[in-house]
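The structure appears below as structure tokens.
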Amino acid sequence: MTNPKQKFSHPDITAKGEVRASVAPVNLETLWFNTGTLCNLACHNCYIESSPKNDRLVYLSLNDVVSYLDEIASKDFKTTEIGFTGGEPFMNLAMISILEETLKRGYKVLVLTNAMKPMHKKKEALLSLKESYGDKLVLRVSLDHYTQELHEKERGPKSWEPAIEGLVWLSENSFNIDVAGRTCWHESEDEIRKGFAKLFKEKNIDIDAFNPSQLVLFPEMQEGEDVPEITIACWDILKKSPADIMCASSRMIVKRKGREKAEVVACTLLPNDEEFSLGQTLSEAWQPVKLNHEYCAKFCVLGGGSCS
């Protein structure tokens, strides 16, 4: 029997001695930016450990973002979507300027937010962006469960009402919105969607809970779990194509504390693992990614998850 501690220890070979799967880049459809790990919340199971004190990934500047947008254009990557995550993106003081510059270039822009006080402070600016760019701006609000009790179990006391207030405001003002929920509550997907549907109806929130692109339910991730490693044989066994995995079509930009320049990492889930740092330019980073992490298996390949 394989010792789980031996798993994910070699970039090319699994603990059982099989060839590890990798994902070759296909097309850079989505470029993500981590705007910084600081957040107004310290959620119980945040995969990136965001909090009011964690500045391991520092705030990106407008210039940081512009340099990569320029590279996309100069190298003809044909990217259509730019995503922003954190931490809480609206804590970054440059966020509105960054959004305006990105939208001005014609991209669809997706912002992951908890819709709490940092976003509330930007309401006037967000209304202006919506007026100028309409549905090109998409805000995805994190709502871990359709009940206050379980949402606050993850995100802490007094996190429910401000999030609901923010979500209602976005809906009332006709923003292009969706919600990100979680599947860790020992409920079926149908039960979760029915619960959210009831909530959205009660609050008059314009989201179809049964549309998977409007209510995105993410597989649960927790480090240290015993998950299978993905080998090259798994693609046929699982009837999946590596081209459908997130790192075939996306990369993320991060800026580590103490480093002068931003860098490119393989995906949104692994910003802290140096093994998945691929260089300082998109051209350098456009290389195969070896699936040498438990998140690769549980979230992407087996869970079918994608942040886009």
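Buried (at least 16 other Cβ atoms within 10 Å of the Cβ) and in contact (Cβ under 8 Å) with a residue 40 or more places away in the chain - does that describe any residue in the range 196-206? Yes - at least one qualifying residue is present in the range 196-206.
Pairs are defined by a Cβ separation below 9 Å, a sequence spacing of at least 6 or placement on different chains, a first member in the range 21-49 that is at positive phi, and a second member that is acidic (Asp, Glu); the pairs so defined are Gly36/Asp55; Gly36/Glu88.
Inside the range 85-114, residues that are of a type in the set (Phe, Trp, Tyr) and buried (at least 24 other Cβ atoms within 10 Å of the Cβ) make up a count of 1. Is at least one residue of the range 90-112 among the aromatic types (Phe, Trp, Tyr) and touching a helix residue (DSSP H, G or I) at 6+ places or on another chain (Cβ under 6 Å)? Yes, some residue in the range 90-112 is among the aromatic types (Phe, Trp, Tyr) and touching a helix residue (DSSP H, G or I) at 6+ places or on another chain (Cβ under 6 Å). Among residues of the range 147-166 that are within 18 Å of Gly195 (Cβ to Cβ) and touching a residue at least 12 places away in the same chain (Cβ under 8 Å), those with a beta-carbon under 8 Å from a residue that is of a type in the set (Phe, Trp, Tyr) and in a helix (DSSP H, G or I) at least six positions away or on a different chain give the pairs Gln148/Trp160; His151/Trp160.
Checking each residue in the range 181-194 for being under 18 Å from Arg140 (Cα atoms) and surrounded by 17 or more Cβ atoms within 10 Å (Cβ to Cβ) picks out Gly181, Arg182, Ile192, Arg193. Taking the condition surrounded by fewer than 18 Cβ atoms within 10 Å (Cβ to Cβ), in contact (Cβ under 8 Å) with a residue 40 or more places away in the chain and more than 18 Å from Gly83 (Cα to Cα), does Lys123 pass? When the stated conditions are applied, Lys123 passes them.
Readers should treat all values here as calculations from the given coordinates under stated rules, not as data from a laboratory. In this text, all values refer to a predicted model and were calculated from it rather than measured experimentally. Virtual Cβ from ideal backbone geometry, glycine too; neighbours counted across all protein chains shown.
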